[in-house]
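Read the figures in this text as sums done on the coordinates, not as results from a lab. All values reported here derive from a predicted model rather than from experimental measurement. A quick note on method: Cβ atoms are made from the backbone with ideal geometry, for glycine too, and the neighbour counts reach across all protein chains shown.
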Amino acid sequence: MNAPAAQVTTASAPVRLDFAGGWTDVPPFSATEGGAVVAAAIGLRTHARVICSGSDLRLVSEDLDDELTLPGNATPVPDGRLDLLKAALRLHPVGPCTLTTRSEVPPGSGLGSSGSLDVALVAALSAVRGMRRSATELAEEGCRLERDEAGIAGGKQDQFMAALGGFQALAFADPDVSVTPLAIDPAFAEELERSIVLCYTGMSRISGRTIARVIAAFERRDPKVVRALHGMKEIALQMADALRGSDLARVARLLGHNWAHQQQLDPAMRTADMERLESAVTQAGALGGKAAGSGAGGCMFFVAPGRATAVAQAARAAGASLLPVTWSREGVLLC
C-alpha cells in the first residue's frame, strides 16, 4: 500500500517601501502620540512552506543556509538558531513537519522582510491547523509572533503591509491600527514605478541598542528626537496627499524631508556608503530619496523622473546593488 501523500502548504507575502512615517509606528511613540506611515507593497516576497510528514521537526532557512532537526514532540526553545521559525511553531504547533523559509530580498534590506516572513509563517501554519483568518487578523498575529513570542522590538507597519498589499496609509494608536487604502491613479502608479531606483547598500547595522537609544531619547523628551518623530508623522500625512494627487515632484521632495528627520534620531542612521550613494545619484538627477526601513545601511530608494537609467548607473558605480520595483496589489497569498 502506498504511503499517504504529505500535506504541503505554502504562503508568501510581499515586502514594502515605506514612503514616510517609519519609526512612528514603534512604541512608545505610537502609544502616546499616535503614529502614521504611508507605504506600498512591492513584488519581492518572502515564502514559508510546511510539509507535514515524518516524525521530526525539521527547520530550514534557505537564506541563512541553516537547518536543524528536533524531535517531533519538542517545544522549540530559542538559542540563537532559527529563532523566528521556532517562535512560529510555539505559537502554532503542527506536530512533525518540515518548515522551510526563503526571502527574495537580501538580509537587513530595510524592506520589512522580517515582518513579511512573520505573516507568511502565520498564514501557512494557520492553514495547516485549519484556521481561516482575514488579512488583518494575519497582520495582528504576525505582530504577536515577532513582538511577544520572538521578543523582537519594533512597529507594526511591516506585518500590515505584508498582509494587505497595495498602497496604504496606516495610523497607529496602540494597540489599534487603522488602515486607509490609497486610491492611486494607475498611470501615476506606473510613472512612479518607472521613476524609482531601489539600491541595496549592504546589511543594515541598526541594532537593538540603536532602537533602545531612540526610545530612551523619546522617553526623556529629547527635543531633537521628539521633533523628528512628529515631523515624520506630519510628512506621512502630506505624502498620502501627494500620492493621491499624482504629484511626483512633491513625493520626491517629501522623501528627502522624511530622511532628514530620520537622521536626527541617531548619529549612526546614515553610513558613509549611504552618503556616497546619495551624492552620486543626486548628481545623476535623482530628485529625492530616503533609507528604506530603519536606516544605517540596507536599502535606499530614489525618485528620478526621466533619469532612472542614469541614476541606476550612478548607483552601481557607487557600489550599490539594484533591486526591481513593481507594485504588489496583493498581500499574503496561500497556495
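When N counts the residues of region 1-99, how does its alpha-carbon radius of gyration compare numerically with 2.2 N^0.38 Å, as a ratio?
Computed over Cα atoms of region 1-99, the ratio equals 1.44.
So what is the relative contact order of the chain, in percent, for Cα pairs below 8 Å that sit 6 or more residues apart?
25
So what's the net charge close to residue 63: Lys and Arg +1, Asp and Glu -1, counting the other residues with Cβ under 12 Å from its Cβ?
Numbers: positive: 102; negative: 62, 65, 66, 67, 104.
Its environment carries a net charge of -4.
Where a ≥ b ≥ c are the square roots of the eigenvalues of the C-alpha gyration tensor, would you call region 186-323 rounded, which needs a/c under 1.5, or, failing that, prolate if a/b is larger than b/c, or oblate? Don't jump to the answer; show the numbers that get you there.
Values: a/c = 2.48, a/b = 1.33, b/c = 1.86.
It is oblate, given that a/c is not under 1.5 and a/b is not larger than b/c.
Please enumerate, by chain and number, the lysines with C-alpha under 22 Å from the C-alpha of residue 224, excluding those fewer than 8 residues away in the same chain.
By straight Cα distance, residue 224 reaches 233, 290.
What FRET efficiency would be calculated for the residue pair residue 209, residue 73, taking the C-beta separation as r and a Förster radius of 35 Å, to the nearest 0.05?
Efficiency for this residue pair is about 0.40.
Along the Cα→Cβ direction, 7 angstrom out, place labels at residue 52 and residue 180. What is the inter-label distance in nm?
A separation of 4.2 nm, rounded to one decimal place.
With the calculation restricted to Cα positions, what are the radius of gyration and Dmax of region 177-263 in angstrom?
So, for region 177-263, Rg and Dmax equal 15.9, 46 Å respectively.
Where does the chain land at 222 nm, in deg cm²/dmol rounded to the nearest 500, when only DSSP H runs of n ≥ 4 count, each adding -39500 (n - 2.57), divided by all residues?
Mean residue ellipticity, 222 nm, calculated: -12000 deg cm²/dmol.
If amide hydrogens are placed 1.01 Å from N in the peptide plane, which non-local residues have theirs closer than 5 Å to the one on residue 42?
Amide H neighbours of residue 42: 15, 16, 17, 328.
Calculated FRET efficiency, residue 237 and residue 275, Cβ-Cβ r, R0 25 Å, to nearest 0.05?
0.30
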